[in-house]
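Undergrad: Sharing a structure, written as structure tokens. Questions coming.
Values quoted throughout were computed directly from the atomic coordinates according to the rules given, and no laboratory measurement underlies them. Keep in mind it's a predicted model, so treat the numbers as computed, not measured. No Cβ is skipped: glycine too gets one built from the backbone with ideal geometry, and neighbour counts run over all protein chains shown.
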């Protein structure tokens, strides 16, 4: 089968930025290792002037020039949308598998395809407290609703996503988890280290300030440890708030800001950590949690959105209210002072990760879906789009 996967794909696969790129690299590598699949990755990249075709991890990557239009306008009918369609149709894939927001615009292509929902710009804008959030979230809600309604098959990465999209589409929804790179399962954790690792963008949605405030309170209550934050700041204003918070609590010697790190460094940090913390206000199925579980760490995560479908309370970690600083601090102190409990939860989390997130398992589920769609008499064959937004 010839598979075209439309997604973000890093120029250096060892250094993905964000969850979608991480998923793409792992899934593409696992699918390309299957003898019966010919995998092609198609990207739209702003700043690129010409198409580049190159091999990566057994697949062929087609990097197209992205549009300068605002993304929402491009999704609805901009030059990026047209360029993507004009390129994908001549590839004549047996399956088109979209992972990126622009995939919303491809639901009318008349050949077999499936769309993986990784996130909702509507919810992200609200959680990020973005500028003009009311207007922008309403616009994105309309685009997402219309795009999902045109899909025939959708992959849901968590029951939380399924619950959100079921009222918006008549598509058949398939439940497949995101995969985690195999190397994370080989990490040996060091729960005696008293290091707390927090991974993600420094912003309101990831609630970086909340993590620091909770850690400061845990220290004030007698906990010993270091908070390690890996991720870039999207906005200078929020970054300054983070620095001010660290200074206000006199935590300069106890908080490490690593900035963006590659997977190699991330695995080193997971190996040195005792606890993984993600007090986000909005997440679907964060790769950071899945990677921490694969590495054998107990996870403290928010009791919102898709996170309760990943972390089992008092079994693989703890679920917390991200706005309850005292509760988060209490759970941090509990695990930092009880390494035996941290080890127990970490081992339980790794077993869950092996069952759900192992790349070969996810790739087999995905290939089985491809075969089902290709063999279905109800799925349209090759052709161009029937209609437009």
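Undergrad: Taking R0 as 45 Å, what FRET efficiency do you get between residue 46 and residue 314 from their Cβ-Cβ distance, rounded to the nearest 0.05?
TA: Values: r = 45 Å, r/R0 = 1.00.
After rounding, the FRET efficiency stands at 0.50.
Undergrad: Let me ask another. Quote to one decimal, in nm, the extra length available between residue 53 and residue 344 on full extension: 0.36 nm per residue of separation minus the C-alpha distance between them.
TA: On the way: separation 291, 0.36 × 291 = 104.76 nm, distance 4.68 nm.
Value of the extension gain: 100.1 nm.
Undergrad: In what sequence, highest mean first, do 335-342, 173-180 appear when ranked by Cβ atoms within 10 angstrom? Working shown, then result.
TA: Details: 335-342: 18.1, 173-180: 20.5.
For the peptides 335-342, 173-180, the packing ranking is 173-180, 335-342.
Undergrad: Helix 263-272 against the longest principal axis of the chain: what's the angle in degrees, Cα atoms only, rounded to the nearest 10?
TA: The angle comes out near 30 degrees.
Undergrad: Right, something else. Which whole-number percent gives the relative contact order of the chain, counting Cα pairs below 8 Å spaced six or more residues apart? Let's see the in-between values first.
TA: Working: 799 pairs, mean separation 69.3, N = 389.
Averaging sequence separation for qualifying contacts and normalising by length gives 18 percent for the chain.
Undergrad: What order do you get for 136-145, 204-213, 149-158 when each peptide is scored by the mean count of other beta carbon atoms within 10 Å, highest first?
TA: Result, highest mean first: 204-213, 149-158, 136-145.
Undergrad: Under a point spin-label approximation (7 Å from Cα along Cα-to-Cβ), what is the residue 265-residue 376 distance to one decimal in nm?
TA: In this crude label model, residue 265 to residue 376 measures out at 4.3 nm.
Undergrad: Under 8 Å for C-alpha pairs, at least 6 residues apart: give me the relative contact order for the stretch 184-356, rounded to a whole percent. Mind showing how you got there, number by number?
TA: Working: 364 pairs, mean separation 49.7, N = 173.
For the stretch 184-356, the relative contact order is 29 percent.
Undergrad: Follow-up question, since we're still on this one. Contour minus end-to-end for residue 190 and residue 91, with contour as 0.36 nm per residue of separation and end-to-end as the Cα-Cα distance? Show your work: numbers first, answer last.
TA: Working: separation 99, 0.36 × 99 = 35.64 nm, distance 4.81 nm.
Stretched fully, the residue 190-residue 91 segment lengthens by 30.8 nm.
Undergrad: Suppose the Debye formula is applied to equal point scatterers at every Cα of the stretch 50-117; what is log10 I(q)/I(0) at q = 0.19, 0.25, 0.29 Å⁻¹?
TA: These q points yield log10 I(q)/I(0) values of -0.82, -1.31, -1.43.
Undergrad: Largest first, please: the extent of the C-alpha atoms of the stretch 184-356 along each principal axis, to the nearest Å.
TA: 41, 32, 29
Undergrad: Rounded, prolate or oblate: which one fits the stretch 21-76, using the alpha carbon gyration tensor with axes a ≥ b ≥ c (rounded when a/c is under 1.5, else prolate when a/b beats b/c, else oblate)? List each step's numbers first, then the result.
TA: Details: a/c = 2.93, a/b = 2.02, b/c = 1.45.
In terms of gyration-tensor shape, prolate.
Undergrad: Another question, if that's okay. Taking the Kirkwood radius as the inverse of the mean 1/r across Cα pairs, report the Rg/Rh of the stretch 226-288. Present the calculation step by step, with values, prior to reporting the outcome.
TA: Details: Rg = 12.8 Å, Rh = 13.2 Å.
Checking Rg against Rh, the ratio lands at 0.96.
Undergrad: Still on this structure, I have one more. Quick one: in the stretch 167-273, what % of C-alpha pairs are over 23 Å apart? If you can, show how the numbers build up before the last one.
TA: On the way: 2261 of 5671 pairs.
Cα-Cα pairs in the stretch 167-273 separated by more than 23 Å: 40 percent.
Undergrad: Next up: With r defined as the distance between the Cβ atoms of residue 354 and residue 326 and R0 fixed at 45 Å, what FRET efficiency is calculated, to the nearest 0.05? All intermediate terms of the calculation are to be shown ahead of the outcome.
TA: Numbers: r = 34 Å, r/R0 = 0.76.
With a Förster radius of 45 Å, E is 0.85.
Undergrad: Additional query: Could you tell me the largest-minus-smallest coordinate of the C-alpha atoms of the chain on each of the three principal axes, in descending order and whole angstroms?
TA: Answer, in whole Å and largest first: 66, 45, 39 Å.
Undergrad: Right, here's the next one. Compare the peptides 249-260, 79-90 by average per-residue count of other Cβ atoms within 10 angstrom and give them in order, highest first. Before the final figure, lay out each step's value.
TA: Numbers: 249-260: 14.2, 79-90: 17.2.
So the order, starting with the most tightly packed, is 79-90, 249-260.
Undergrad: Which value at 222 nm does the chain reach when only helices count, each DSSP H run of 4 or more adding -39,500 (n - 2.57), with the total divided by all residues and rounded to the nearest 500 deg cm²/dmol?
TA: Details: 13 runs with 157 residues, N = 389.
Using -39500 (n - 2.57) per qualifying helix, the result is -12500 deg cm²/dmol.
Undergrad: Which whole-angstrom value gives the distance between the alpha carbon centres of the stretch 209-261 and the stretch 281-316?
TA: About 20 Å separates the Cα centre of the stretch 209-261 from the one of the stretch 281-316.
Undergrad: Take the alpha carbon atoms of the stretch 158-181, find their center, do the same for the stretch 1-49, and report the distance between the two centers in whole angstrom.
TA: Using only Cα atoms, the two centres lie 20 Å from each other.
Undergrad: What is the angle, in °, between the Cα long axis of helix 133-149 and the longest principal axis of the Cα atoms in the chain? Nearest 10 is fine, range 0 to 90.
TA: Rounded to the nearest ten degrees, it is 50.
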